[in-house]
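Peer 1: Attaching a single structure in structure tokens format; questions to follow.
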Amino acid sequence: MADAPGSKINAAPSPRLRRRRIYRHALPVRIMHWVNVVCLAVLLMSGLQIFNAHPALYWGKASDFDRPLLAMYAVRDGGGRPVGRTTLFGHTADTTGVLGLSAGRDGQPLVRGFPTWATLPSEQSLAGGRLWHFFFAWLFALNGLAYLVHGIAGGHFRRDLLPGRDQLRHIGRSILDHLRLRFPRGAEARRYNVLQKLSYLAVIFLLAPLIVLAGLAMSPQLDAGFPALPDLFGGRQSARSLHFLAAGLLLAFALVHVLMVLVSGVWNNLRSMVTGRYAIEEPEGASDGAE
């Protein structure tokens, strides 16, 4: 008697998988990655401290107090109680407890843009925020320059970050796979997927240069020597707004990056960025390929 179609007797046996570790991240890349982690954390928190000295953003060469792009402040309601307000492009929302008005260490209302837990130092200190920010800004810039030299001279950009035509043709499928939390396995996990490559390239060649140049355009000393620098952005206030926007986009990238690390295998991803070794599963007998 013939077996029924699709029966287990006729089904091809699943290939046996073996788990092996490949060398995924070179030592210089790992070092510069963790330097960036520290730099970005300090720059974000110290930058919010600096922003709190004047929690508003404008466009152009001068501050237009009547029409800010973004403003955080406190007012009193009908009962005389302080209320936090945030205005974005003319739309105002109550943000009491987080933006504009938050609780201080003693639990009393504290009028400031971002709360104490989000800034470095935690107490209001423009001078302290600038010290932290400027030191780590230069470290971030030098680390980025070193990464750029290594990426070009060592072939890291060409080998690991430039997407191939086949990857670009299947970018739609890659987006759907990420939305469904389906991640590359086996040989496909040896390299970055197309979304990783495009996002890394955007950060390296768009966001990072923008945030550095916009930050430099806010320096009065540099503006005096290079007056065309703030004009490149339409004025110092525009540069400040773009600097803030670029920082927000970098934060969004970091949050998505951490989320992908968590859902795709936190220990495997962390080990690869500490030791360089990344574990993959592939059918027995598959070619080892380059490691």
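The values are calculated or read from the model by the stated rules, or taken from the named source; none is laboratory data. Being a predicted model, the structure only gives us computed values, none of them experimental. Here the Cβ is made from the backbone with ideal geometry for all residues, glycine too, and neighbour counts use every protein chain on show.
Peer 1: Could you list all residues from the range 235-246 that are surrounded by fewer than 20 Cβ atoms within 10 Å (Cβ to Cβ) and modelled with pLDDT of 95 or more?
Peer 2: Answer for the range 235-246, where residues must be surrounded by fewer than 20 Cβ atoms within 10 Å (Cβ to Cβ) and modelled with pLDDT of 95 or more: PHE244, LEU245.
Peer 1: Mind checking whether some residue in the range 202-224 is of a type in the set (Ser, Thr, Tyr) and either touching a helix residue (DSSP H, G or I) at 6+ places or on another chain (Cβ under 8 Å) or not assigned by TED's automatic domain parsing to the domain that holds GLY172 (or both)? Before you say what the answer is, go through the steps one by one.
Peer 2: Of the range 202-224, the ones of a type in the set (Ser, Thr, Tyr) are 219.
Next cut, either touching a helix residue (DSSP H, G or I) at 6+ places or on another chain (Cβ under 8 Å) or not assigned by TED's automatic domain parsing to the domain that holds GLY172 (or both) only: none.
Looking for residues that are of a type in the set (Ser, Thr, Tyr) and either touching a helix residue (DSSP H, G or I) at 6+ places or on another chain (Cβ under 8 Å) or not assigned by TED's automatic domain parsing to the domain that holds GLY172 (or both), one finds none in the range 202-224, hence no.
Peer 1: Residue check: is GLY215 touching a residue at least 24 places away in the same chain (Cβ under 8 Å), closer than 26 Å to VAL29 by Cβ, touching a strand residue (DSSP E or B) at 6+ places or on another chain (Cβ under 7 Å) and not hydroxyl-bearing (Ser, Thr, Tyr)? Write out each step before concluding.
Peer 2: Working: touching a residue at least 24 places away in the same chain (Cβ under 8 Å): yes; closer than 26 Å to VAL29 by Cβ: yes; touching a strand residue (DSSP E or B) at 6+ places or on another chain (Cβ under 7 Å): no; not hydroxyl-bearing (Ser, Thr, Tyr): yes.
So GLY215 does not fit the description; no.
Peer 1: Does LEU101 satisfy being at pLDDT 95 or above and of a type outside the set (S, T, N, Q)?
Peer 2: Against the criterion (at pLDDT 95 or above and of a type outside the set (S, T, N, Q)), LEU101 does not qualify.
Peer 1: Quick check on PRO68: is it buried (at least 17 other Cβ atoms within 10 Å of the Cβ) and not in a helix (DSSP H, G or I)?
Peer 2: Values: buried (at least 17 other Cβ atoms within 10 Å of the Cβ): yes; not in a helix (DSSP H, G or I): yes.
Criteria met by PRO68.
Peer 1: Going by what's in this entry, would PHE134 be described as free of Cβ contacts under 8 Å to residues at least 12 places away in the same chain and within 20 Å of the chain's Cα centre (by Cα)?
Peer 2: Yes, satisfied.
Peer 1: Please pick out the residue among LEU99, LEU148 that is closer than 21 Å to ALA246 by Cα, hydrophobic (A, V, I, L, M, F, W, C), surrounded by 14 or more Cβ atoms within 10 Å (Cβ to Cβ) and not assigned by TED's automatic domain parsing to the domain that holds ALA26.
Peer 2: Checking each option against the conditions leaves just LEU99.
Peer 1: From the list LEU43, LEU101, which one is of a type outside the set (S, T, N, Q) and assigned to a strand (DSSP E or B)?
Peer 2: Answer to the selection: LEU101.
Peer 1: In the range 21-31, which residues are in a helix (DSSP H, G or I), touching a residue at least 24 places away in the same chain (Cβ under 8 Å) and surrounded by fewer than 17 Cβ atoms within 10 Å (Cβ to Cβ)? I'd like the intermediate steps shown before the answer.
Peer 2: Kept after step one, since they are in a helix (DSSP H, G or I), are these residues of the range 21-31: 27-31.
Okay, now just the ones that are also touching a residue at least 24 places away in the same chain (Cβ under 8 Å), so 27-30.
The answer is LEU27, PRO28, ARG30.
Peer 1: Here is a further query. Report yes if GLY128 is modelled with pLDDT under 90, surrounded by fewer than 18 Cβ atoms within 10 Å (Cβ to Cβ) and either over 18 Å from the mean Cα position of the chain (by Cα) or within 28 Å of ILE22 (Cβ to Cβ) (or both), otherwise no.
Peer 2: For GLY128, the condition - modelled with pLDDT under 90, surrounded by fewer than 18 Cβ atoms within 10 Å (Cβ to Cβ) and either over 18 Å from the mean Cα position of the chain (by Cα) or within 28 Å of ILE22 (Cβ to Cβ) (or both) - is not met.
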